[in-house]
Amino acid sequence: MLMTKRLFLAGAFGVIGRHLIPLLLREGWSITGTTRSPDKARQLEAFGIEPAVVDVFDAATLSEAVLRARPTVVVHQLTDLPPGLDPARMGEARARNARIRHEGTRNLIAAAIGAGATSLVAQSVAFVYASGPTPHKEEDPLDLGSPDQPNVSGRGVSSLERQVMAAPLEGIVLRYGSLYGPGTGFDTTTRPGPLHVEDAADAARVAVRSGPPGIYNIAEDDGTVSIEKARRLLGWKPQHKAR
């Protein structure tokens, strides 16, 4: 008898999550997806997945939700960004995202372990590398700033990645480039290391299905970051190209 493939998607109603859900459903996954909004929970049900209304900072409720879902795989797509990356609101958003990456990741990992999950795929970013020769490879240092001027985003990313790779799970970190496409607020982009949101979702699909543990740059091949590792080990390549 075939066993049900169960997956817990944290951040199901996010920009990438909404593109990822149909890809996973087509591959036969039974999905529980999180949102903080009861209204969005009803929309998740309409997508064909089981909603879990939970805040990642509420560790006890999160653990209960993951335990009920009984997933083998947990996918971390949580962010808290303003529409269109509104510059006037990005300062506060960076601090919120850093908290998600540090405290939220810690809670999600603990919940995944407690529920018996075996693997975790987590969203990171490919644009916090320290200055140096390009294209940046995964082993290049991140920009953490200095004690006097810490880089909040870089330190949040570093915390998330350290936690995922140190957890007793098969951990995969996807360092996404600068997103554009439906739902991102950008039809195209001239920012370095562009990445269409559908390609971001596809990278997560591939990582869930067959990716060996590790950290991977996920972006278009414009010379900003090297995606050779993702091509070779994940079999992933971008299908879109920013103008």
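Side notes on the structure shown:
- Contacts under 7 angstrom Cβ, first residue in region 27-46 being farther than 11 Å from L7 by Cα, partner surrounded by fewer than 16 Cβ atoms within 10 Å (Cβ to Cβ) and aliphatic (A, V, I, L, M), 6 or more apart: T35/V53; R36/V53; P38/V53; A41/V53
- Taken over region 6-53, the criterion of being of a type outside the set (V, I, T), surrounded by fewer than 22 Cβ atoms within 10 Å (Cβ to Cβ) and over 23 Å from V206 (Cα atoms) is satisfied by R36, S37, P38, D39, K40, A41, R42, Q43, E45, A46.
- Cβ pairs under 7 Å, 6+ apart, first in region 5-16 and closer than 19 Å to L179 by Cα, second of a type in the set (K, R): F13/K40
- Unique match (being more than 20 Å from L120 (Cα to Cα), at pLDDT 95 or above, buried (at least 19 other Cβ atoms within 10 Å of the Cβ) and under 15 Å from the mean Cα position of the chain (by Cα)) among A207, A219, A203: A219
- Which listed residue, of G183, G177, G211, G193, is more than 17 Å from S119 (Cβ to Cβ) and in contact with a helix residue (DSSP H, G or I) (Cβ under 7 Å, 6 or more places away or on another chain): G183
The values are calculated or read from the model by the stated rules, or taken from the named source; none is laboratory data. Just so you know, these numbers come straight off a predicted model, no measurement behind them. Don't worry about glycine lacking a Cβ; one is built from the backbone with ideal geometry, like all the others, and counts go over all protein chains shown.
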